[in-house]
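The structure appears right after this line, and notes come after that.
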Amino acid sequence: MNTMLKAFPADLLAKLKSREPLLWVNPRLGSVMPENSPTVADVLTAETRLARCAGLMSMLFDELQVSGGVIESELFEVARLQRAMGSVPEHDGTWFIKADHALPIAGSIKARGGFHEVLALAESIALAHGIFIQDGDRRHMACEPARALFARHTVTVGSTGNLGLSIGVIAAALGFKAVVHMSTDAKTWKKDRLRMRGVQVVEHDGDYAAAVEAGRTQALAAPLSHFVDDEQSLMLFLGYAAAARHLALQLAEAGRTVDASHPLFVYLPCGVGGAPGGITFGLKVLFGQHVHCFFAEPVASPCMLVQLASQQNLPLSVYDIGLDNRTEADGLAVGQASHLVSPLMAAQLSGVFTVSDEQLYADLLQVLEAEGIALEPSAAAGVGGPGWLTNSNAGRNYVNQHGLALAGATHIIWTTGGALVPKEEHRRFQDHARTIRAQSRPSSSHVD
């Protein structure tokens, strides 16, 4: 046995190895944050950067002219889905979807972090070369001298798909050379869409980690090259964290209070951890102990759960416990959690639940039939979150231990990708889901 697994709870390890869906509750929630953690000021800086670049974004993308360059998604109540999933609002609280699957331009949650990092890079280059002064109009970054300057630089990223789309789209729009290293898990249509944008796609036989390492190696060897490190990037993390402020406004507009009597539960699909980790961090800044964030991971790829449950500082992967990291949720097919994010989540994350591929398809179909929303499999990972709280011993114990009143709760299922998925792909997802349902209805993933 791997020596780092000696302290791993034996019963949890057995369940993970057997791919039994489960809810793991974080015993270190509320512990001291690591030294040199991001700060409230860091999040505010990211919010300010996105705000001052809004005019530039509306120039670059016609789709953003209506919003004035603001990249945001809707928050809407999903009463039909809640009823279809067997939840009673009077007892369990009210369900919402945060529709990042429909974020403009990139069509996924990755637009938040990806756009922020490339905008931060562009600002630093433009300032260093006198394109504008510190407080100057960021729309100057769309002028020809700026584009000629950016064209001398390369932006590189390793991705299973959605981050690559985000980085590739914004980098190409600003005039950078964009290179995306993609694993075999990435969908063909995502590679084709990038190539149509003028982005160079480099394919690798290995998994996500292999693509990231190849991108990192190339960037380090090339002059004027910037590598977007999904595993370690603070700029990505802060771009995601900036989402919390607008969500707070949306909750207020919807009449949803967040306090001791009205807890907020948020369910976020997790790959390497940057996006859900950043959002969790931002929400904790605003709502503190009144927000409870849970990550959703495939049973084959529970990298954040494995890292946190091991209570190890050294990296641990799903391969170390005998899992193969093979899942239909390509955006979540990650073997090892972010070294930047996992120590932060050890103090802030309420827990992690795992989802089988069969359940992903069942929930994808449930969302389509109840709400008319088409998602890719990885984006449906959070749908079972509320059920874990109400229908499992681990969930009920969490609610009771924290003295939470579910009747007044708000549950947010964060959907992360799907709007740009071709119609034929959606049909394939849905046909596969119906085949699974016809053969044998999958057992609930959130009942002990």
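The values are calculated or read from the model by the stated rules, or taken from the named source; none is laboratory data. All values derive from a computational prediction rather than experimental measurement. Backbone-built Cβ (ideal geometry, glycine too); neighbour counts: all protein chains shown.
Values for this structure:
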read-out: Breaking point among (1) without any contact (Cβ under 8 Å) to a residue 40 or more places away in the chain; (2) aliphatic (A, V, I, L, M); (3) in the same structural domain as Asn162 (by TED's automatic domain parsing), for Leu121; value: (1)
read-out: Selected residue (only one of Glu376, Glu425, Glu369 is surrounded by fewer than 19 Cβ atoms within 10 Å (Cβ to Cβ), of a type outside the set (Val, Ile, Thr), more than 25 Å from Gly93 (Cα to Cα) and assigned by TED's automatic domain parsing to the domain that holds Glu77); value: Glu425
read-out: Only listed residue being at pLDDT 95 or above and within 13 Å of Tyr240 (Cα to Cα), chosen from Glu117, Glu77; value: Glu117
read-out: Residue selected from region 34-51 under the condition touching a Leu at 6+ places or on another chain (Cβ under 9 Å) and of a type outside the set (Asp, Glu), by the criterion surrounded by the most Cβ atoms within 10 Å (Cβ to Cβ); value: Ala46
read-out: Odd one out for Ala186 among (1) assigned to a loop (DSSP other than H, G, I, E, B); (2) free of Cβ contacts under 8 Å to residues at least 12 places away in the same chain; (3) among the aliphatic types (A, V, I, L, M); value: (2)
read-out: Failed item in (1) without any contact (Cβ under 8 Å) to a residue 24 or more places away in the chain; (2) surrounded by 24 or more Cβ atoms within 10 Å (Cβ to Cβ), with Met345 passing the rest; value: (1)
read-out: Within region 365-439, helices (runs of 4 or more DSSP H) holding 2 or more residues that are among the aliphatic types (A, V, I, L, M); value: 393-401, 423-439
read-out: Given (1) assigned to a loop (DSSP other than H, G, I, E, B); (2) closer than 23 Å to Arg152 by Cα; (3) in contact with a helix residue (DSSP H, G or I) (Cβ under 8 Å, 6 or more places away or on another chain), index of the condition Ala178 fails; value: (1)
